[in-house]
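In what follows, a single structure is set out as structure tokens and then discussed.
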Amino acid sequence: MASPAVQREVAATTLDFLLIELVAQLAAAHSTASTSQLKLEAIGFSVGQKLAERQTTARTPFADTLDAIKYVCKEFWMDTFLKQVDNLRTNHRGVFVLTDNRVRWLATLSPSARAARDGAHARSEALVFAHFPCGLIRGALAAFGIEASVSAEVSALPACQFTVKVVQP
Amino acid sequence: VAFSKVEKVNAELFTLTYGAVVVQLLKDSEDVEQTSIQLEKMGYNIGVRIIDEFLAKANAGTCTDFKETGEVIAKVAFRMFLGVTVDCRHVVEPNAPADAMPAFHLIIVDNPLVDFVELPEHCSTLAYCNLLCGVVRGALEMVGMRVETKLLKDTLWGDEHTEISVSLKELVHEQYRDDDE
């Protein structure tokens with residue numbers, strides 16, 4: 001399909017509703033939380049990979065891993081979340097920490113009754129949703145030929161830290 | 001229009017996510033029929049929630065009849081959530097009784113759900129867009145209209161457009177009760 005001149009858009013809430021339902025559906029279909037989280041991550045991965053491939057077809061290859069990570073933080077994040085990652089840190093040995101101060105799905109999350117009483121529980125509920133953007137990042141990097149593991153940490157909602165550990169070839 | 005006011009995301013992100021969801025459901029159930037049903041159910045659950053967002057943001061007012069409901073869904077709701085306008089065609093069955101329940105068809109020419117999608121042969125009967133049927137059913141049920149929806153045509157089945165029939169089954173009147181009693 002030829003890419004349209006005008007970027008096609010849908011309401012952000014439409015995606016939110018789909019994701020909320022997806023999380024609920026996965027939780028109902030799989031008995032263990034880890035299975036449903038793996039599935040959510042896998043869905044994110046396939047989406048991230050395809051999106052990144054489409055966005056970078058007309059681009060010169062990345063010089064190095066940092067270059068690719070920067071692309072994910074800026075353009076890729078912009079295209080998917082309409083904002084950039086707020087902070088990027090690295091130890092220059094293959095570990096990158098991306099901080100987004102306001103992740104959509106975590107910002108609009110309404111905690112369950114139990115979570116409202118217990119901050120730690122609210123964070124663990126939020127972490128379920130964070131598996132989707134984790135998958136997106138891992139997928140995008142995979143599209144650039146970079147194998148990595150991505151984990152998320154929620155310290156103060158709605159901010160989220162994504163730790164990318166690149167698997168050294 | 002309401003769509004210009006709401007926060008938006010790249011439609012590709014939504015389309016690809018939906019595609020990945022369908023693939024996941026197919027893998028889990030290994031059955032095309034079951035997946036179609038499951039998609040409709042997911043849509044229903046979404047519709048139940050999405051109606052609040054719609055009523056809060058769309059300023060749609062009250063519909064006087066089912067015909068108008070169809071117009072609002074086609075022109076306002078689809079535009080607000082998917083950024084596309086949809087045609088609404090009212091269907092009158094020939095020689096239907098005078099008290100027959102009304103129905104309309106939603107005709108989606110520019111369906112964002114089916115971008116990049118092709119159904120492989122063993123899934124050719126999959127009602128890929130059944131989610132939309134569920135959303136309409138769920139949303140209308142929340143405002144007191146029990147409807148039946150069906151995916152009649154789909155571009156993925158080789159049709160020119162996606163077409164959903166929505167027929168009214170029952171008007172559910174809300175029951176109010178005094179708390180004092």
Exercise. Restricting the first residue to region B:50-70 and requiring it to be part of a loop (DSSP other than H, G, I, E, B), which pairs with a second residue that is polar (S, T, N, Q) meet a Cβ separation below 9 Å and a spacing of at least six or different chains?
Worked result: B:CYS63/B:THR69
For this session: Return yes when B:TYR128 is hydroxyl-bearing (Ser, Thr, Tyr), within 20 Å of B:ASP87 (Cα to Cα) and not in a strand (DSSP E or B) and no when it is not.
Result: yes
Seminar exercise, completed: Taking region A:33-60 and keeping only residues that are among the basic types (Lys, Arg), without any contact (Cβ under 8 Å) to a residue 24 or more places away in the chain and within 22 Å of A:ILE20 (Cα to Cα), one is left with A:LYS39
Exercise. Looking at region B:86-108, is at least one residue in a helix (DSSP H, G or I) and open to solvent by less than 10 Å² (accessible area, probe 1.4 Å)?
Worked result: no
Exercise. What's the number of the condition B:SER165 fails, among (1) hydroxyl-bearing (Ser, Thr, Tyr); (2) in contact with a Leu (Cβ under 6 Å, 6 or more places away or on another chain); (3) not in a strand (DSSP E or B)?
Worked result: (3)
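Hey, among the residues in region B:28-56 that are small (Gly, Ala, Ser) and more than 10 Å from chain A (Cβ to nearest Cβ), which one's farthest from B:VAL147 (Cα to Cα)? Please lay out each step first, then the result.
First, the residues of region B:28-56 that are small (Gly, Ala, Ser): B:29, B:36, B:43, B:47, B:56.
After this cut, where a residue has to be more than 10 Å from chain A (Cβ to nearest Cβ) as well, the list is B:36, B:56.
Values: B:SER36: 18, B:ALA56: 22 Å.
Selected residue: B:ALA56.
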Exercise. Could you say whether any residue in region B:2-24 is surrounded by fewer than 16 Cβ atoms within 10 Å (Cβ to Cβ), more than 10 Å from chain A (Cβ to nearest Cβ) and among the aliphatic types (A, V, I, L, M)?
Worked result: no
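Do we find that B:GLU148 is in a helix (DSSP H, G or I), farther than 22 Å from B:GLU12 by Cα and open to solvent by 10 Å² or more (accessible area, probe 1.4 Å) in this structure? I'd like the intermediate steps shown before the answer.
On the way: in a helix (DSSP H, G or I): no; farther than 22 Å from B:GLU12 by Cα: yes; open to solvent by 10 Å² or more (accessible area, probe 1.4 Å): yes.
Considered against the rule, which asks whether it is in a helix (DSSP H, G or I), farther than 22 Å from B:GLU12 by Cα and open to solvent by 10 Å² or more (accessible area, probe 1.4 Å), B:GLU148 comes out as no.
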For this session: Only helices (runs of 4 or more DSSP H) wholly contained in region A:54-169 count here; list those with 2 or more residues that are at pLDDT 85 or above and more than 14 Å from the chain's Cα centre (by Cα).
Result: A:65-71
Seminar exercise, completed: Among residues of region B:25-56 being open to solvent by 60 Å² or more (accessible area, probe 1.4 Å) and of a type in the set (A, V, I, L, M), the residue nearest to A:PHE45 (Cα to Cα) is B:ILE37
Exercise. Among (1) within 11 Å of chain B (Cβ to nearest Cβ); (2) among the hydroxyl-bearing types (Ser, Thr, Tyr); (3) surrounded by fewer than 21 Cβ atoms within 10 Å (Cβ to Cβ), which single condition is A:THR14 missing?
Worked result: (3)
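Just the residues that are open to solvent by 60 Å² or more (accessible area, probe 1.4 Å) and assigned to a helix (DSSP H, G or I), please, taken from region A:30-48.
First pass over region A:30-48, keeping only residues open to solvent by 60 Å² or more (accessible area, probe 1.4 Å): A:31-34, A:38.
Residues satisfying the conditions are A:ALA33, A:SER34, A:LEU38.
Filter region B:110-127 down to residues that are within 14 Å of another protein chain (Cβ to nearest Cβ) and either under 16 Å from the mean Cα position of the chain (by Cα) or not charged (D, E, K, R) (or both), then give me how many there are.
Narrowing region B:110-127 to residues within 14 Å of another protein chain (Cβ to nearest Cβ): B:110-118.
From the residues that got through so far, the ones that are either under 16 Å from the mean Cα position of the chain (by Cα) or not charged (D, E, K, R) (or both) too are B:110-114, B:116-117.
Residues flagged as within 14 Å of another protein chain (Cβ to nearest Cβ) and either under 16 Å from the mean Cα position of the chain (by Cα) or not charged (D, E, K, R) (or both) within region B:110-127 amount to 7.
The values are calculated or read from the model by the stated rules, or taken from the named source; none is laboratory data. Bear in mind the structure is a predicted one, so any value in this text is a computation, not a measurement. No Cβ is skipped: glycine too gets one built from the backbone with ideal geometry, and neighbour counts run over all protein chains shown. Areas reflect the complete protein model, heavy atoms only, side chains present, ligands, DNA and RNA absent. Shrake-Rupley method; radii C 1.70, N 1.55, O 1.52, S 1.80 Å.
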